[in-house]
Every structure is written in C-alpha cells, then in structure tokens.
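A.B. asks: Sharing a structure with you now.
Since every read-out is calculated from the coordinates, none of them should be taken as a lab result. None of the values given here were measured: they were computed from a predicted structure. Please note: Cβ atoms are built from the backbone with ideal geometry, for glycine as well, and neighbour counts cover all protein chains shown.
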Amino acid sequence: MLTYKCSARNWTGLIGHGTEAAASAATLEAQLRTDGWFNITVIASRRPWTLPAPFLSAVDRLALTHQLAHLIGAGLPLTEAIQLLRDGKGTATLKAVLTTLQTDLMAGHAYSVCIGRQVQHFSDLYVGVIAAAEEGGQLASGLQHLAHQLQSDARRKAQIQSALRYPALIAGIAALVVTLIMTLVIPSFEAQFAQRGTPLPWLTQQLIWCAQSLRTWGGPGSLGLLLLAFIVKRQLKRPAFRLFCESQLFRIPGYGHWLKTVYSAALAKTLHSLLQTGLPLSKALTHLAQAQQTLSFQRVVHTVHQSVNRGVLLSVALGASPLVSPLLPQLCRVGEATGALDTLLQSAATSLDSAANEALEKWTAALEPLSILILGLIIGTMVLAMYWPVFQIGQTI
C-alpha cells in the first residue's frame, strides 16, 4: 500500500484534505468518486529517506525452503512449521520474513500470495513453483524441488566465483602495473628519447601514444564507463532492452550454447516437478512460464503453451525453438511415445545439468593458465617496447 495526499469537494461544497493509503492513485480516486467526492486531486506523498531493508541471503532462503519442505512433508501444518522456524536460530532478516509470512497466513492468504508480497526476497520462479505446488496439493514436493534448484544454483555460482577469483586477482595486478608504468615510467623514457632525437620503433611509438591517451582521457573515460554501466542497469528493467541483451548473450560462441543448456535443464526440471504434483500439461505450462529466469525462455514457454493448446505435441513445440537444447525435445518425444513424460523430463534435466557442469569445469580449468599467459604478453610487450630503443642506441655506439 502507498500513501497519497488528496483533496476533493463533495456535493455540499465542502473541500476535504487528507492522507490516504491505497494500492494506486487510480484506485484511491475511484474510491473517492464512489463515496461522492469530485474535483479530486491525488498526489503521491514523499517518503522520508531510509536505509534499504536488507535482502534475504541465498543461504537463509535455501535453509528456509529446505527446512519447510521437511516439516510440511512430516505432516506439520504450514503455520506451525513457520512458527517453529521462527522460534529457532536465524538471522534478524530471516525472522522478520517469517513474522510477515505468519501474519499474512493468519489473515487467510495462500502461501504463494504471502511470498509474492515480498518481491525483494523471493523471485518470480520461486513464487510460480509454490503457486503450482499449492494448486496441485503438493506443497512439500514443490518446496523440495525449489531447495534442490537453489542448491544447484548456489553450487554453480560458487564454482564460477572460485574460478574467477584468481583471474580477477591477476587482472587487478595487471591493471595496477600497467597504470603505474604508463603514468610514471613511460614519461621519463619519452623525455629521454625526445632529447636524443633518435627515431623510435613503431611498437615504442604506440606505447607512448597509449600512455599519453591514458593520462589525458583516463579520468573522463572511467567516469564515462561508470555512467554507461548505470544507464545499462536502468535500461535492463525495460523488457525490450533486456530481451535484446539476452539474445546477444545466446549468440556468443560457446557461452551461448552453455546458457541454453543451463536454462533448458532448469525448464525440464521445473516441468517435471509440476507434472509430479498432478497438474495437467496445459496448466503446468502456465506455471512454467512464470518460473523462468529469463524473458527469452518465458517467451519460449508461452509459445510452447499456445502450440500445445492447439494440439501440437510438446516435443514438436519445444523442438521449434532454437533456444531449447536439442536433447530435451528428443527425450520428450520418447516420453510421449512411452507414456513416461515426467520420467524422461527428469532424465533430460540430469543429462543437461551434467553437460553444463562438465563444460563449466573445462572453462574454469583453462582460466588460470590463460590469465597468466595474457598477463605475460601484456607486461612482456611493454618491456620490449621500452627497451627496444635502448638496444638500438647500444648498437650504434
């Protein structure tokens, strides 16, 4: 609910002023008209600046999902399970989230609605899976699926961070060394070469030009990059720009194929979980669209849903999309022929996950020697460019 300042006049000519809470300005204006007011003016009142509320960490979200799945699977009612978790150990943010969930549940709201109100803590994928699990009467199964998905994402994220830690350190050291050489060492070499008046090799000339450009445009360039990053971050909230960026990522050789494999595995895993709750395929696809992490795959699922409603087989509809890994429609075709679609979806998810993890392990193993090679090439080229004129001068003496 938002707070608005409003003024209006009633049929007696009385002008009223006040502050009201409503979901939107249009809702408040409609309510005032229903109450007999006219000449209505609604202005959103400014909120006092406050520190942003802390987000629920990935560790707390995983622990909450995993423990809640076990408690509900053991037969404990949802409200009692949340109360039990609230009374246990946990961070202040987790306890605040549990308190809000318990309050909303006691007010009669469904669990998916309760977590949907806390958009800063739970993603659309999380809410979509919970809503589907509630509809199928398999909340514990849905929570267990989410726990496995969150754990898999956390493991992959930790693997990527571990692989990037050393190259990032190397890149930082390289940037520092290059900056020091460009700003402190090259100017003295440049002055000595200018005094001698000897012609410089092409490589040395390019190095001096780079040093001059860095001294001249380094500061404005850094500010420009920060401004560009800020603009891109803001523009990513627009669906059209986000779809464009996603399409470009999927076109990157190697990396785009890996992304398609990862998201296809998540699609198969989520669809398998939805079908296990007892939902029909058409209804499961409706919830599946809400549970996708990218807008591109949301569009894929919407297209597949429309095709399935027209009588097209799921394997054919999935195979029509270039973003879906070819293994998924192949196994779906086998599952449709044998009547074991959910089992084959699980097999597809396992196979695609294994392929994505193997590719990630190969890339991470190659990052360390590649970063050392790049650092050696950069430093070696700079040293060669600085001492090449010295060698020439020594030969002429």
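A.B. asks: For the chain, modelled as a Gaussian network with Cα springs under 10 Å, which listed residue fluctuates most, LEU344, LEU373, LEU105?
C.D. replies: With Cα springs under 10 Å in the chain, the top fluctuation among LEU344, LEU373, LEU105 is at LEU373.
A.B. asks: To continue, here is another question. Using a cut-off of under 20 Å, list every residue of segment 203-221 whose amide N is near the label point 7 Å from the Cα of VAL383 along the Cα-to-beta-carbon line.
C.D. replies: 203-208, 211, by backbone N distance to the label point.
A.B. asks: A further question on this structure: What value, in deg cm²/dmol to 500, does the helix sum -39500 (n - 2.57) over DSSP H runs of n ≥ 4 give at 222 nm once divided by the residues of the chain?
C.D. replies: It lands at -24500 deg cm²/dmol.
A.B. asks: Now for a different question. With unit charges on the beta carbons (Lys and Arg positive, Asp and Glu negative) and the dipole taken about the Cα centre of segment 277-397, which residue among ALA289, SER371, LEU341 sits farthest to the positive side?
C.D. replies: Going by the Cα projections, it comes out as ALA289.
A.B. asks: Using a Förster distance of 56 Å, how high is the FRET efficiency between LEU84 and ALA366, based on the Cβ-Cβ distance and rounded to 0.05? Don't jump to the answer; show the numbers that get you there.
C.D. replies: On the way: r = 47 Å, r/R0 = 0.84.
Working from the Cβ atoms, E equals 0.75.
A.B. asks: Related question: Over the chain, with a Gaussian network built from C-alpha contacts below 10 Å, which listed residue (GLN118, GLN212, GLN149) shows the highest mean-square fluctuation?
C.D. replies: Highest fluctuation of the listed residues: GLN212.
A.B. asks: Simple spin-label model, 7 Å along Cα-to-Cβ: ASP342 to THR93 in nm?
C.D. replies: Once both label points are built, they end up 3.5 nm from each other.
A.B. asks: For the chain, take the longest principal axis of its alpha carbons; what is the angle in degrees between that and the long axis of helix 327-338, to the nearest 10 within 0 to 90?
C.D. replies: Approximately 30 degrees, to the nearest ten.
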